[in-house]
Amino acid sequence: MMMKTSIQIIKFAVTGRSYTGKSSFINLVRDVYPGDETFAEVGFGGCTMIPWEYMYPRNKHVTFTDLPGFDTDTDTKEKFSKSINLGVFDFVFIFVDNFIMEDDVYVAKKLQALGIQYCFVRSKIDLDILNAIDKGKTQNVVVREIRKKPETNISNHVPFLDTAINVGMVKKEIKSYIEIFLLDKEYVEEVPDVMKRNSSEIRLDVIVSSGFATTASLLLSQAKYMIPVIGSVIAAKATSVYVRAFLSTNLLEMKNDAIAVYEHYNKH
């Protein structure tokens, strides 16, 4: 990546619904202010009607493009998708405020289909903090509450966003773990604190669907991807991260259960 930035332009894009702080972010991340020649005008929603590309002042090989909002009568998500060539960008920030909406998911799916890396950014936390402090809450409490909402919201969308995951392959892998460790055998039921797993299609569906939601929530709660002050950022091209974490967790759990079964029958 260091070599790449020295010879070609890295293109970031900032998109999302209107009035979510996209232009403000572009100004802040480039350290420019009103009156500066490359200041991105900030308005009250719907002001960015066409894409505007801004060079990063300290590196001419990095640009940020301010994309139009996609939730108005004139700028719908379908029109946005047809008029904006998302494939030219290296990374896209999708700004959201209180909740991830259908339009946000629509754009995320488009990016995923193109193989473009992206993330969600929860914006306007400063306003939420001010409002909550007026009600007697501390900043730390407010931030925890704010972070929890998009975490839950994103976790609910994981099955829809992670279309790149081959669920059939994941289920096949889990089934092989169960069978190799013999955890589908009847005698496993006699061992305390060890789950008897079966490899039926219905059971595998439950393991995988609930497992991905739990894994996503855990990864998000660890806040590995964060922009200070702006809020949590979830790497959306993270299907491999979800799959790896999910399979690793299951493999370790089944290994420990298999050892427990072995030790139980060795003693008895």
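What follows draws every value from the coordinates through simple rules; no lab data is involved. Model, not experiment: these values are computed from the prediction. All Cβ positions, glycine included, derive from the backbone under ideal geometry; neighbour counts span all protein chains shown.
What number, in percent, do you get for the relative contact order of the range 8-123 if the mean sequence gap of Cα pairs under 8 Å and at least 6 apart is divided by its residue count? Kindly include the intermediate steps, with their values, before the conclusion.
Numbers: 199 pairs, mean separation 37.7, N = 116.
Relative contact order for the range 8-123 comes out at 33 percent.
Work out the charge dipole of the range 8-123 with +1 on the Cβ of Lys and Arg and -1 on the Cβ of Asp and Glu about the Cα centre, then indicate which of MET101, PRO68, TYR56 is farthest towards its positive end.
Result: TYR56.
If you put +1 on each Lys and Arg Cβ and -1 on each Asp and Glu Cβ, how big is the dipole of the range 8-123 around its Cα centre, in Debye rounded to 20? Write out the running numbers ahead of the final one.
Working: 12 positive and 15 negative charges, 78 e Å.
That gives a dipole near 380 debye.
With a 10 Å radius around each residue's Cβ, average the other Cβ atoms per peptide and rank 113-123, 54-64, highest first. Show your work: numbers first, answer last.
Values: 113-123: 19.0, 54-64: 15.3.
Ranking, from highest mean packing down: 113-123, 54-64.
MET195 to GLU145: FRET efficiency via 1/(1 + (r/R0)^6), r the Cβ-Cβ distance, R0 25 Å, to the nearest 0.05? Can you show the working numbers first?
Numbers: r = 34 Å, r/R0 = 1.35.
Working from the Cβ atoms, E equals 0.15.
In nm, what is the difference between 0.36 nm times the number of residues separating LYS11 and TRP52 and their Cα-Cα distance? Spell out each step's value before the answer.
Details: separation 41, 0.36 × 41 = 14.76 nm, distance 1.20 nm.
Result for the pair: 13.6 nm of gain on full extension.
How far apart, in nanometres, would the label points at LYS255 and MET101 be if each is projected 7 angstrom from Cα along the Cα-to-Cβ direction?
4.6
Show me the ranking of peptides 189-202, 89-102, 244-257 by mean Cβ neighbours inside 10 Å, starting with the highest.
Values: 189-202: 12.6, 89-102: 19.1, 244-257: 15.7.
Highest to lowest by the protection proxy: 89-102, 244-257, 189-202.
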